[in-house]
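S.K.: Have a look at this one.
The values are calculated or read from the model by the stated rules, or taken from the named source; none is laboratory data. None of the values given here were measured: they were computed from a predicted structure. Positions of Cβ are generated from backbone atoms using ideal geometry, with glycine treated the same way; all protein chains shown enter the neighbour counts. We work out accessible area using only protein heavy atoms, side chains counted, and drop any ligands, DNA or RNA first. Shrake-Rupley method; radii C 1.70, N 1.55, O 1.52, S 1.80 Å.
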Amino acid sequence: MGDKDSCHKCSEEEWPNDNNQCVPKLVEFLSYGNDPVPLTVSVISVLLFVKTSAIFCIFIVFRETPVVRANNQNLSFILLASIMLSFLCVFLFLGRPGPISCMFRQTSFGIIFSVAVSSILAKTIMVYMAFNSTKPGSFWKKYIGVKIPNCLVLLCSFIQVLISIIWLLTACPYPETNTDLYDDTIIIQCNEGSTLAFYILLGYMGLLAAVSFFVAFLARNLPDSFNETKFITFSMLVFCSVWITFIPAYMSVTGKNTVLVEIFAILSSSLGILGCIFIPKCYIILVKPDLNSKRILIKQIKTCQ
């Protein structure tokens, strides 16, 4: 810019102000320095992580009680650990995007949620197998001692890991500066490298959630210990609702708002699983210990048979 006789074009990092001068554009990302949102999100994530850690400790202390042992305590520990990691992976989305954070932010949450949802699927299958194995001549009785749930978690998680590796090797995400979206602002963001790979990762996670919801819905009336499949059904309903809503919301916003939408989806879906599956169990363990007995468990099963 300048007067009529000496006019020049501003660089991509600058824009002309009202005084016909080239001034630096504002740089926008989720900065801790001048934006309260990242600090707020960080505090919420840490508090939820601490809450999940407390539940994890409760399950370890009471690991020999029926309410913890009823539906494979190892799967419960894996699921709790996955939820804890999901709250921590939010920090990859905060601050100035860099090569490392861009590379691992999407793949990390995809793998973590795949482990969580496959654990839920394995827990549901365990409920179905455990109940049907009590019937005379049951086909499922010989599979109770087999490590089917653990193998299922490993297989489902491995597929997501494979998708992530292929994505990183063929079209690795990287940080970029977007100077075209706004005239006076530079957006520092992560280029996903391959939009198709991102949606394949989300699609596989959605497929696992849909299968888990379907199996839990079919098994919702089984006399499982403490009605776990009903809680699983509701948790998967919350999970699917959040991520179905996420897609149009993610596509309709720009700049740092896209990151905020994804952070909200991660936190709310993780909290939904935690609240639906583990809070009722903690209530029984801490508030209603008289229900946490083998006698009550056997009575529930016999009543429904």
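S.K.: Consider R96 carefully, then state whether it is outside any helix (DSSP H, G or I) and modelled with pLDDT of 85 or more.
M.R.: Considered against the rule, which asks whether it is outside any helix (DSSP H, G or I) and modelled with pLDDT of 85 or more, R96 comes out as yes.
S.K.: Among the listed residues N191, N227, identify the single one that is out of contact with any Leu (no Cβ under 9 Å at 6 or more places or on another chain), at pLDDT below 90 and within 17 Å of S108 (Cα to Cα). Talk me through it step by step, then tell me what you get.
M.R.: Details: N227 fails: within 17 Å of S108 (Cα to Cα).
Sole residue among the options that is out of contact with any Leu (no Cβ under 9 Å at 6 or more places or on another chain), at pLDDT below 90 and within 17 Å of S108 (Cα to Cα): N191.
S.K.: Looking only at the stretch 254-275, count how many residues are touching a Leu at 6+ places or on another chain (Cβ under 8 Å), open to solvent by 10 Å² or more (accessible area, probe 1.4 Å) and of a type in the set (A, V, I, L, M).
M.R.: Here the count works out to 4.
S.K.: Scan S53, S42 and give me the residue that is polar (S, T, N, Q), assigned to a helix (DSSP H, G or I), under 20 Å from the mean Cα position of the chain (by Cα) and more than 30 Å from V287 (Cβ to Cβ).
M.R.: Numbers: S53 fails: more than 30 Å from V287 (Cβ to Cβ).
After applying the criteria, what remains is S42.
S.K.: Moving on to the next point. Determine the pairs where a residue that is at positive phi, located within the stretch 61-81, has a partner that is open to solvent by 40 Å² or more (accessible area, probe 1.4 Å) and hydroxyl-bearing (S, T, Y) with Cβ atoms under 6 Å apart, the partner being 6 or more residues away or on another chain.
M.R.: Close Cβ pairs satisfying both conditions: none exist.
S.K.: Just for the stretch 233-251: of the residues that are closer than 17 Å to L202 by Cα and not aliphatic (A, V, I, L, M), which one is surrounded by the most Cβ atoms within 10 Å (Cβ to Cβ)?
M.R.: F239
S.K.: Follow-up question, since we're still on this one. Quickly run through the stretch 90-127 and pick out the residues that are aromatic (F, W, Y) and under 11 Å from the mean Cα position of the chain (by Cα).
M.R.: Those that are aromatic (F, W, Y) and under 11 Å from the mean Cα position of the chain (by Cα): F109, F113.
S.K.: Kindly provide the set of residues from the stretch 79-110 that are open to solvent by less than 50 Å² (accessible area, probe 1.4 Å) and among the aliphatic types (A, V, I, L, M), ordered by number.
M.R.: Passing the criteria: L79, L80, A81, I83, M84, V90, L94.
S.K.: Can you name the residue in the stretch 173-217 that is within 21 Å of the chain's Cα centre (by Cα), closer than 23 Å to C102 by Cβ and free of Cβ contacts under 8 Å to residues at least 24 places away in the same chain and is also most open to solvent (accessible area, probe 1.4 Å) among such residues?
M.R.: For the stretch 173-217, the residue satisfying everything is L196.
S.K.: Right, another one. Go through the stretch 87-129 and count every residue that is in contact (Cβ under 8 Å) with a residue 60 or more places away in the chain, in contact with a helix residue (DSSP H, G or I) (Cβ under 8 Å, 6 or more places away or on another chain) and not β-branched (V, I, T). Show your work before the answer.
M.R.: Taking the stretch 87-129 as the starting set, the residues that turn out to be in contact (Cβ under 8 Å) with a residue 60 or more places away in the chain are 87, 89-90, 93-99, 101-103, 105-107, 109-110, 113-114, 116-118, 120-121, 123-125, 127-128.
Narrowing further to those that are in contact with a helix residue (DSSP H, G or I) (Cβ under 8 Å, 6 or more places away or on another chain): 87, 89-90, 93-95, 101, 103, 105-107, 109-110, 113-114, 116-118, 120-121, 123-125, 127-128.
Still in the running and not β-branched (V, I, T): 87, 89, 93-95, 101, 103, 105-106, 109-110, 113-114, 116, 118, 121, 123, 128.
Here the count works out to 18.
S.K.: Please go through the stretch 56-78 and give me each residue that is of a type outside the set (A, V, I, L, M) and open to solvent by 20 Å² or more (accessible area, probe 1.4 Å), ordered by number.
M.R.: F56, C57, F62, R63, E64, T65, P66, R69, N72, Q73, N74, F77
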